[in-house]
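This report concerns only the one structure given below.
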Amino acid sequence: MTTTSAPPVPTVRRPRQAGRTRRSFTGWAFIGPFMAVFALVFLAPIAYSLYLSLFRNQLVGGNAFVGLANYQRALADSQFWEALGRVGLFLLVQVPVMLAIALVVALAIDSGRLYGAGFFRISIFLPYAVPAVVATLMWGFMYGTRFGLVGNINDALGTSLPNPLSPDLVLASIGNIVTWEFVGYNMLIFYSALRVIPTSLYEAAELDGAGQLRVITAIKLPAIRGALVIATIFSIIGSFQLFNEPSILQSLAPNAITTYFTPNLYAYSLSFSGQQYNYSATVAILMGLVTMAVAYAVQLRGMRKAS
């Protein structure tokens, strides 16, 4: 009886990893320049600010490590909390008003019933192209009671209009400037989202006999919910970063706009006027954390409703 031996099993050799390694290095070569710039202009300033916030420049001993003492000081600083409360009030009032106006304008332009829609779209967006410095100076001079539009109206009509730059009205005046600047920007976001809604939805609504109000509430608003969330987040970030308008108006209304009118203005004054770089970095970091937390909460709530 003859036995046949089984054929030898061929040896399976694993492919070399050189090609995979080369591909991984090729990917890093593409994203390497971006990562380097990102680390230089974004991560490095944050890290340096965190480093500064842990030190304090003392008369005896120079720059000394104090740990979280600057954060404890900021949390007990009445000026910081007053500035934060002021921008919080600004956010709660100005942002809804601005977004509501932008939404109404976007819906009106998208309706197709507005004559000269292109002209209105460009006209409303045009203030966004005006630099913030120019816009604030323009409105500041209009607010003037001695040399501006308010003063001219009082002189011409013999009236006594309230001073828009008084301590009681200056925050509302700044809100008016910011609204004038950014209504067009938010309108363009909403209008762009409205233009990509499928026309089949409008055709189905027309067959069902839905009116314009029903189309807006049942089709348009749900379809642009993502754009509404994005615009709200951008507006919240902009409100917490409020700096240009009060800084420029400060010379026109020194009694109404203090050095701690907003947190950003407070950090700027601490750094460049008070030479308190460490404490200024602490205030900036705290405001960054507050802004991030509020923006994330709005995004989370908005996306949850959208789902």
Item to check | Sequence-separation-based contact order of the chain, relative, with Cα cut under 8 Å and 6+ spacing, percent | outcome: 25 percent
Checklist entry - Roughly how tilted is helix 44-53, in degrees to the nearest 10 and between 0 and 90, from the longest Cα axis of the chain? => result 60 degrees
Next on the checklist: If neighbour count is taken as other Cβ atoms inside 10 Å, put 111, 271, 78 in order from fewest to most.
Outcome noted: 78, 111, 271
Item to check | Tilt relative to the chain, helix 170-195 - C-alpha long axis, 0 to 90 degrees, to 10 | outcome: 40 degrees
Checklist outcome for this item: A correct Karplus calculation of ³J(HN,Hα) over the range 197-214, with 6.51 cos²θ - 1.76 cosθ + 1.60, θ = phi - 60°, whole Hz and x for Gly and Pro, returns 5, x, 5, 4, 5, 5, 5, 5, 5, 5, 5, 7, x, 6, x, 5, 5, 5
Checklist entry - Against the longest alpha carbon principal axis of the chain, how many degrees, from 0 to 90 and to the nearest 10, is the axis of helix 18-38 turned? => result 10 degrees
Item to check | Loop-resident sites, the range 40-130, for trypsin sites (Lys or Arg not before Pro), counting at most 10 other Cβ within 10 Å (DSSP) | outcome: 113
Item to check | Expected-Rg normalisation [2.2 N^0.38 Å, Cα atoms] applied to the chain | outcome: 1.48
Item to check | For the range 157-240: Kirkwood Rh in Å [reciprocal of mean 1/r, alpha carbons] | outcome: 15.9 Å
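Each value in this text was obtained by applying a stated rule to the coordinates, not by laboratory testing. As the structure is a computational prediction, the values presented were derived from the model and not from experiment. Note that each Cβ is placed from the backbone with ideal geometry, even for glycine, and that neighbours are counted across all protein chains shown.
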